[in-house]
């Protein structure tokens, strides 16, 4: 259990604000599992995104002794400043420059579900500076992140993140673990940057998956000889290509 010095101040529960997509995790068993998965240690640069009422902040602090947090809600940010060892950045994580933290930073958090996808794309841009990430997200998003080519859940998010990270769904979390309870199930996912990341043109992915039901020859601006050179069947559909396939297509397009 957190020591009294790291426990959030005993105050009236914060009223969740819909515009911030706030759902506060309160289940102690779930919190303990997340902390055990992260295994924080003193001296590490750990950044919590969207700490809310500090339910995860406190046990992280107990292990790490110091923590950086990013919180957009000014009332919650004020509460968090009362915790010794916490540096509060009152900011929107979607616009935050994570390059201000040292290389090897660890990102964690119960991400607001209403901005989870754009936030994942944003933090992916800092993959070369990150040691690992542990996020709570809605289950559907996690399933899309780790989906294999050819499956219904596989899409633009899958390709973009799998090009940069090795990902694993750690465990699911029920609705009752939150206040207020969300309408969807949740899951915790771990992302570890790949030693060798793939460079994929974002515009290529947008074009491909905006026409995901079409065959590649009708979805992408490649010629028959180009498909042959790449060794890709033009009769396939965008959701059947691997991240490596998209990386090779990106190289070809850039070389024109």
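Taken together, the values in this text are just the output of simple stated rules run on the coordinates, not laboratory data. This is a predicted model, so every value here is computed, not measured. Here the Cβ is made from the backbone with ideal geometry for all residues, glycine too, and neighbour counts use every protein chain on show.
Report the calculated FRET efficiency for residue 170 and residue 114 (r = Cβ-Cβ distance, R0 = 30 Å), to the nearest 0.05. Efficiency computed from Cβ-Cβ geometry: 0.85.
Protection proxy ranking of 64-73, 45-54, 81-90, by the mean of other Cβ atoms within 10 Å over each peptide's residues and highest first, is 45-54, 64-73, 81-90. Measuring between their Cα centroids, the stretch 53-94 and the stretch 178-256 lie 36 Å from each other.
As a size descriptor, the averaged projected area of the C-alpha convex hull of the stretch 93-183 was calculated at 6.4 nm². Given their separation in residues at 0.36 nm each and the Cα-Cα distance between them, residue 91 and residue 66 gain 7.1 nm when the chain is fully extended.
Computed per residue of the chain from DSSP H runs no shorter than four, each worth -39500 (n - 2.57), the mean residue ellipticity at 222 nm is -8500 deg cm²/dmol.
Sorting the segments 242-255, 155-168 by their mean number of nearby beta carbons within 10 angstrom, highest to lowest, gives 155-168, 242-255. The Kirkwood radius of the chain, taken over pairs of alpha-carbon atoms, gives through the Stokes-Einstein law at 10 °C and 1.306 mPa s a diffusion coefficient of 81 µm² s⁻¹.
For the stretch 26-46 versus the stretch 147-166, the spacing of their alpha-carbon centroids is 27 Å. Sorted on the mean count of surrounding Cβ atoms within 10 Å across their residues, most packed first, peptides 91-104, 138-151 read 138-151, 91-104. When the P(r) of the stretch 202-254 is calculated, the portion above 18 Å amounts to 16% of the C-alpha pairs.
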